[in-house]
1. Restricting the search to region 223-271, which residues are touching a strand residue (DSSP E or B) at 6+ places or on another chain (Cβ under 9 Å), surrounded by 14 or more Cβ atoms within 10 Å (Cβ to Cβ) and assigned to a loop (DSSP other than H, G, I, E, B)?
2. Would you mind finding the one in 719, 677, 728, 691 that is part of a strand (DSSP E or B) and within 19 Å of residue 527 (Cβ to Cβ)?
3. Would you pick out the residues in region 443-457 that are of a type in the set (A, V, I, L, M, F, W, C) and within 16 Å of residue 477 (Cα to Cα)?
4. Name the residues in region 325-356 that are among the β-branched types (Val, Ile, Thr), touching a helix residue (DSSP H, G or I) at 6+ places or on another chain (Cβ under 7 Å) and either modelled with pLDDT of 85 or more or more than 22 Å from residue 294 (Cα to Cα) (or both), would you?
5. How about region 469-509: which of its residues are surrounded by 16 or more Cβ atoms within 10 Å (Cβ to Cβ), under 17 Å from residue 442 (Cβ atoms) and among the basic types (Lys, Arg)?
6. Specify the residue that is farthest from the chain's Cα centre (by Cα); the eligible residues are those in region 435-462 that are more than 23 Å from residue 511 (Cα to Cα) and touching a residue at least 12 places away in the same chain (Cβ under 8 Å).
7. Evaluate the following for residue 524: is it within 44 Å of the chain's Cα centre (by Cα), outside any loop (DSSP other than H, G, I, E, B), assigned by TED's automatic domain parsing to the domain that holds residue 675 and of a type in the set (A, V, I, L, M, F, W, C)?
8. Residue under question is residue 737, and the condition is that it be of a type outside the set (Phe, Trp, Tyr), touching a strand residue (DSSP E or B) at 6+ places or on another chain (Cβ under 8 Å) and surrounded by fewer than 15 Cβ atoms within 10 Å (Cβ to Cβ); does it hold?
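The values are calculated or read from the model by the stated rules, or taken from the named source; none is laboratory data. Keep in mind that what you see is a predicted model, and the values were worked out from it rather than measured. Every residue, glycine as well, gets a Cβ built from its backbone with ideal geometry; the counts of neighbours run over all protein chains shown.
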Amino acid sequence: MRPQIAALSATVWGMGRIEKASAVSAMSKQGPGSAAHSAAAASFAALLSKLDYLSESDIEDIRKAYKFADEAHLGQMRHSGAPYITHPISVAGLCAEWKLDAQALMAALMHDVLEDSGITKIEMAERFGVTVADLVDGLTKLERLEFDNREDNQAESFRKMLLAMARDVRVILIKLADRLHNMRTMGDMPRDKWGRISSETADIYAPIAHRLGLNVTYRELQDLSFRFLHPWRYQTLSKAVASARRRRNNLVERVKDEVLNGLANHNLYADVQGREKTLYSIYEKMTEKRLTFSQVSDLYGFRVILPKLADCYTSLGLLHQLYKPVPGRFKDYIAIPKLNGYQSLHTTLVGPAGINIEIQFRTTDMDVVAESGVAAHWLYKADDPTSEHSQKLGAQWVQSLLDIQQETRDAAEFWDHIKIDLFPDSVYVFTPKGKILSMPKGATLVDFAFAIHSDVGQHAVAATVNGEPAPLRSELQNGDVIEIETASMSQPNPAWLSFVQTGRARSKIRNHLKQMEEDQSRVLGERMLRQALRAEGIAQLPEDTETYTKLWEKVLRFTGNKTRDDLMADIGLGRRIASMVAKKTTALLIELGSRPDMLLITNVRFTQPTNETVSQGVLTLDGSEGATVQYAHCCSPIPGDKIVGYLGRGEGLAVHTDECPTGKRLLQRDKERFLQVEWADEPTRAFESKVLVTVDNGKGILARVAGALTSAEADITHVEMGSDRTQVELRFTVAVRHRRHLADVLRTAKRTPHVLRAQRVKPKPLS
């Protein structure tokens, strides 16, 4: 195991520099053709030296993949002048350092073949197997597809890659190796590409590497991104660190000796490794806390690797006696691991010369996982094929990708959800049964509910935190014990989207709301079509049975919909005009022998306004229609008002008062999209109306007016108050049952002391 750990820890700049140097050297000694061949051969020889953990048959398969990739990239060159094949070989070399299997190495060698050579996935599957072809396909960009803009292209590419990763995590490991080699050789790229590629690496690939526990790769990607995004700052900080290193050149060795001796005195033997903080981590700390370089005290970190778990805690106590610990800087990631499987004890101590040093304590197995994350699976399997210790590393997040994908159709929206989960500064909370859950910092009780189970989140109505009731929007705190109360009839609230933090919760809520909107649209669309058919003399909507199968097929061909439900939803959303569908349906029914009821036509058209050009029938509203019927905020109609309905394109039905200026403008512009609506005799809920109350300013006047409105059984949903010192205008939004109820509310307000006027707010008429 130890050589594997050493090899993994040494994955830094060396490989890229060696390969580039060998290629350049070969090309300088020979002609162009032979130089390219020699460089490629030298690179593949370097790869072979890393494959000693594989069988001869596996190595032979990898050699075939190399020859295939070499032929596919024949004549292609990198910006450095080296043959292009040196890049996939380098990527495969990085994968070999993680001890990935032969299939992954073959995919690494051929990861650009589908994109660059015109070879199809089927051809690759026939030669190398379906698994290898799937891996390569998951890595392939979507250059051949057309998108509206570059952002859509990128979002779709990442969706494809991440979903392939969810099925096989080797996809992302190869992709990270690919990106790491590209960043190592970024100096050969045109300077105008540095910013875009480095930003993408810092924002996306580095967080993914961190999320999967690939800490060596994560740190290097961060540093390389920093180097090419901010070259001047990188150089300045490098010089400052080098200068500090010269001043304190014996600090690391001194601390190592003191730690080793202190542990040895208690018969504890450890591997102590000292390192400086990366340039990016120093820069990040300086930026976040607005420090100068001289104010950054903890530049040095140490790792104490011990044989047994108990030794970690014992060593921690011993070093707290050797050096003074910094209060509040201790973290136990062994008892409560991070989401990516990381385990260590962290403490910050005041070392020699008053310099803060961070020390991590972990076992040998923990060190492998800490440095290689999900790649530790293959490192473990190299020695123990039966080990499943690390197979679950990152699995929780990886599996959540598939859950989010099922509810998210849009690529950009999918990527937004994923980005939320890439930066999980964790908070640890408990279920009532004592199970520990790790949640992103800032997550709320709703996020917790969806993390427990989708059904718990969708039916959540209340919660208790540490035995006390708490609002569902409350943020989680470390150590909270949380219990979620559910109700079978409860549904997600759209307002939850304004505060949830996790991608899982956000996608579940959005998917439910979309589904609910579609269901409500179908119900509304069916009601509208029934009303429109009555205006044509057809009393009943044809059922979706064998009798009317061909009729519905013809109607759907006419409208362009795939199913009857889709048609109803489109009618409810205003994408199809109910009267037009009704006329077509009536004509088809006549062909089948049905006859319109002339008495019904007469009755329906008698109720229509004289200026109505397109008869759609009368739609009755009671307030239970859901999100597909919107009561316009411009005029706030309530039962008792004369109303009209405007069928917006894809927006459902908007209800206005017949005096509303906005409604009148729409009527002039889009008359055919209006339909007659009326209130039901008994509406099922209260409706909002706006009220303006003018008062003499004085102490407690707002409370008195609000109390008067409440005493009239009006619920106040919103209030605004003017700033005038003498007379103040109070604007209330109140929920009332009907016009008579509103009149009672206004009378009650007028009887309140210091109230000068109380009136309903109506939109200004058209000029």
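1. 248, 268, 270
2. Every option except 677 fails the conditions.
3. Those that are of a type in the set (A, V, I, L, M, F, W, C) and within 16 Å of residue 477 (Cα to Cα): 443, 445, 446, 448, 449, 451.
4. 334, 347
5. 504, 506, listed by residue number.
6. The extreme case among them is 436.
7. For residue 524, the condition - within 44 Å of the chain's Cα centre (by Cα), outside any loop (DSSP other than H, G, I, E, B), assigned by TED's automatic domain parsing to the domain that holds residue 675 and of a type in the set (A, V, I, L, M, F, W, C) - is met.
8. Spelling it out, it is not the case that residue 737 is of a type outside the set (Phe, Trp, Tyr), touching a strand residue (DSSP E or B) at 6+ places or on another chain (Cβ under 8 Å) and surrounded by fewer than 15 Cβ atoms within 10 Å (Cβ to Cβ).
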